[in-house]
Each structure stands twice: as structure tokens, then as C-alpha cells.
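Presented below is the structure to which this report refers.
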Amino acid sequence: MDQHSTLLPSSDAAATQPAGMGRRGLFRLGGLGAVAAVLAACGQSEAGELGTLGNGPGTPELPAGTVDNGALLRTSASIETSIANAYQRMMDDGLFGGSTAAYPDLGDPMDLVMAFLDHHRMAADTYNELAVGAGDTAWTCGNQRLDEQYIDIVLSRITDGVPAAENAAAIPASDDPLRDAVNLVYVLESLSASSAQALVDQVTEPAMRAASMKVGVRSGRDAAALALRANPGGYLPVSGDAAEIPAPVAVPSRFGSVGANTFLGGAGDENGVRLRLAFETPSLNSMVYSFTEYGDCAPVTDSTTPTT
Amino acid sequence: MEIEVTQAGPAAASPRIGRRHVLGAGVGGAALSLLPFLAGRAQASAGDTTTTAPPLPPTDADVALLGQAQQIELTFVDLFETAIAAADWSDDEAAVMVEFREAHKEYAAALSALLGRHAPNTPSESLMGSLVAGFSGAKDGILSAAYDAESGAVAAHDEILGQLQGTNGAVLIASIQMAEARHCTALAALSGATDLAQLLVDDEADALQVNG
């Protein structure tokens, strides 16, 4: 009894404890829990790892890119060279041979492509001469971004298709390579034209603007001539054209456009979706800055190309 | 009017802060917070470009050049109007000729919008007089005359572009020139030309001259 009687008060105290826990008590318990969680987390992060001493290498920084007349003109030269290289590659791959049901009146487009290729080589020289005249250096390589992110992707899709991946079936090579080749040439001519037009707003000298537009005017006419060879009677856009791949037209808009030029082609994927790429005029991520390196491109030793 | 609150006790010992002080402190804080941004802008503008930005609006000399361009475009509206009425066009041909007339009308309107009260808003009588005969004959002759005239307009815009200082006018002229360049190829094809040199206009016509 005594024992019982001595235990009773402590039992009562235990029983009455919860009733005595106020808001402060809850806060204390919460705080203790948080501290315990932090300690546990710290313990886990340290398990099995050794601390490091000293400083690691800093975050690498790109040089500041200066966008001046020289950089703009060298970039334009790179675009023209990329286009000329693309045509050469397409000819080497035999993409302009055969016939296409999409453009039954096309005939042999090689005379057009050869003329276009010469034009773009000369256009690159023109831009480089202007760049050198502006106190910069010439750029005789293509444009890395245009090559790798656009032209290579389209040509690969046309000639090889896309291999199967873990979550996607293989896409075969193009179901109509000549159609796609003609459409790519039309897009690249339009890109050259719109890039030249866009340059007018960017360079500071009127003579540079006029020279750029001479290139653009010729490219625009190239695009128009190709459109009319592939699509006779295609002078103007047809409203409500429901064709899966719209045919090119000679005068696509009332004013010259600096908007994107979209390529649509290649074989469809497992859902029937063809490759769609919007070729845009040069922007900051495609500029040939003063620090841009040639990479794998060797400078062309052409006597007509100005060098410094 | 300044609104101030006075308090008794310990709070009254602190200096009174009025609305002006609060606003002043806010403006000061905003200025301090903008300093890094403004400093960055100044640094960027010093390091990102080495060329002087050209003026945007047309200069006085530009206004005269753009006025000539507008007179060319208004003359073309009348010339295509004459051509459309002069021959018996097929539906496809008529669609092209009407579209080109409307295009020139829009070019003139765009130049008018840029020039405002300085816009001539009249065609060139001298240009009309020299070109109208070609736009009045047989269909083949009209297409040939239109091809030459559009090429002359491209050359004229090239000359103008080489003199314009303001970028607003230069951008507009470039967009007009690009479209008119394509008009040449379309007109050549419409007349049945297959010669590449003609389609691509290897020989640009002499620039059109506006003399009143």
C-alpha cells in the first residue's frame, strides 16, 4: 500500500502532464524535432565522402562578343558559304537527279543550282571585302550553327533518315529526295535574301546596306526562278492551300520578309510527322565573333578572297 | 500637405518620420537598387559595340530621296492600271497584274506614312510620260515593259539605299526592293521566258529617274 501510495502521486503527475503542455511545450517539441532532422541529414551527407581542401577551378567565361559591322558582315559571309557548301554537298550526293511527282515539270535543275552556287560564293566574297574594308578580318568558313543545327539535320534526314531510339521507331530516308532537295534550296535562297534584308537594319553604313541588298535581290530572284521552275504558275500564294508540303511560290509576300523560312520534308516518323525546321536570319547565337574559331574548317586559299 | 503623427512616451523621443521622409527614403533605395543595373548597362554599351548607331528617322536629305521613291511607286500604280485595261489577260495573268498594282499602292502608302506631310503623294509626270507607251500596247510588249520598269525601280532603290542615313527609311526601301526584284522574275516567266539570265535579271536596267 505504501509502495502503491508512493507511486500514485508520480502516476498522477504523468497523467496530468499532457494536460499541462501548452503552446510553448509544442514549440519546444517541434524545435527539437527540426534539430534532430538537420543533424540526421548532416550525418548522411558526410557518410562515405571525404572533404576537399583548396579551391576548384572557377566557372569559365566566354569573351564578350562585340557585334559591330565587321562581325555582322563576317556572319553574312559565313551564311553564304554554308549555303554554297550545302549545294555542293547535295550535288555530290546526287540529290538533284531523277524526277519527283511533286514537281513533274521541274526537269533538270542543275543549271539553276550551279548558277545559285556561283552567286553565293561571290556573295561571300562581297561580304568579306566589306568586312575587311570595315577593319575586320575575312571569314571563309561556313556558319557553324547553320551547318550543324539546320543543314546537316535536313540532309541527314533526307539521305539517311533517323535510326531507332529507345522510345522511337526508326525513320526511313526521304520518300522523295528530289522534292526535299528543291524545297531546301528554296528555303536557303529565301534565307539568304531575308538575311541580307535584315542586315540593312543592323550595319551603320549606307554603302554596306546597298551592297547587302544587291546580294539579297539576287537571292530573292533565285528563289523566285526555282519556284516557277518547280511550280509553273506559282506566282502568288494560294489562299487555303491544303497541300501537306506547300509548293514554293515566286512572290510569297507583298513586302520582302525577314521572317523565318520553314523547311518541311523528309519521310514521316511513326506518327507520319515530317521534319519541320524554321531557318531564321542570324542572331546572337550564330554570329561570327572576333573570338570565334575555325574549328575543323580550313581557310580557303583563294586569291579572290581577301585576307588579312 | 504633410501628415505627421506625434506620440507620447518613448516613441516620442525618436525623430518624426513624415511622408516626405518615407518617400525620400524609398526613392533613395530605388536609386541604390538600380545602380548595379545602370552600371551594367553602361559597361555593356561601352564594350558591346564599336560603331555609332545610325539615326532612325529620315534626315532632311532622306525625305527628298524617299519622296522620289514614293513618286516611283505611285507612277507604277497608274502604269499597271493602264496595262490591266489595255490587254485581254487570262485569269492567272490578271491576278498577277492586279496583285502587282496593289503592291505598288501599298508601297506608296507605307512611304506616305513614313514621310507624313512631306510625302509628295503624286506620281511622277516625267516617269509616266516615258513609260506609259510600253504599258499600253500588246500583252507581250506590256510584260516586257513592266519587266524593264521593275528592274529600273530595283536599281533606283539601290541608289537610294546607298544614300539614306536613317534606318527607318532604309528598312522600308529594302523590303520594297526585295519584292520588286521578285516581280521581275515573275514577269519574265509570265511572258514565257526560259533564259536563266533573263529570269535572274543578270543585266539590271538603268535606275529610274524622277524629274518632277
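Taken together, the values in this text are just the output of simple stated rules run on the coordinates, not laboratory data. Every value quoted in this text rests on a predicted model; they were computed, and no experiment measured them. Virtual Cβ from ideal backbone geometry, glycine too; neighbours counted across all protein chains shown.
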In nm, to one decimal, how far is the A:Asp175 label point from the B:Asn168 one, both placed 7 Å along Cα→Cβ? 5.1
Roughly speaking, what is the stretch gain from A:Leu53 to A:Val238, that is 0.36 nm per residue apart minus the C-alpha to C-alpha distance, in nm to one decimal? 59.7 nm
FRET efficiency for A:Glu270 and A:Asp93, using Cβ-Cβ distance with R0 set to 35 Å, rounded to 0.05: 0.85
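With charges set only on the Cβ (+1 for Lys and Arg, -1 for Asp and Glu), what does the dipole of segment A:209-250 come to about its Cα centre, in debye to the nearest 20?
Rounded to the nearest 20 debye, it is 400 debye.
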Could you work out, residue by residue across A:192-201, how many beta carbons of other chains sit within 10 Å of that residue's beta carbon, and then give the average as an integer? 3
Using a/c under 1.5 as the rounded threshold, could you call segment A:217-281 rounded, prolate or oblate? The axes a ≥ b ≥ c are square roots of the C-alpha gyration tensor eigenvalues, and prolate needs a/b larger than b/c, oblate otherwise. prolate
Simple SL model, points at 7 angstrom along Cα→Cβ for B:Ala64 and B:Ser126; separation in nm is 1.3
Once amide H atoms are placed 1.01 Å from N in the peptide plane, what residues at a sequence separation of 5 or more from A:Thr66, or on another chain, have their amide H within under 5 Å of its amide H? A:Ser290
Extension reserve of the A:Arg24-A:Ala101 stretch, reckoned as 0.36 nm per residue once the Cα distance is removed: 19.3 nm
Packing-ranked peptide list from B:73-85, A:240-252, B:169-181, A:84-96, highest mean Cβ count within 10 angstrom first, is B:169-181, B:73-85, A:84-96, A:240-252
Compute the normalised compactness of segment B:58-212: alpha-carbon radius of gyration over 2.2 N^0.38 Å, N being the residue count. 1.00
Given +1 on the Cβ of Lys and Arg, -1 on the Cβ of Asp and Glu, and no further charges, what dipole in debye does segment A:152-214 carry about its Cα centre, rounded to the nearest 20? 280
5 angstrom amide H check on A:Thr262, placed H, neighbours 5+ away: A:Phe279
Starting from the Cα gyration tensor of segment A:69-286, multiply each eigenvalue by 5, take the square root, and state the resulting semi-axes largest first in whole Å. 29, 20, 16
In nm, what is the difference between 0.36 nm times the number of residues separating B:Glu81 and B:Ala109 and their Cα-Cα distance? 8.4 nm
Ranking A:Leu188, A:Ala211, A:Pro177 by how far each Cα lies towards the positive end of the charge dipole of segment A:166-211 (+1 on Lys and Arg Cβ, -1 on Asp and Glu Cβ), the top one is A:Ala211
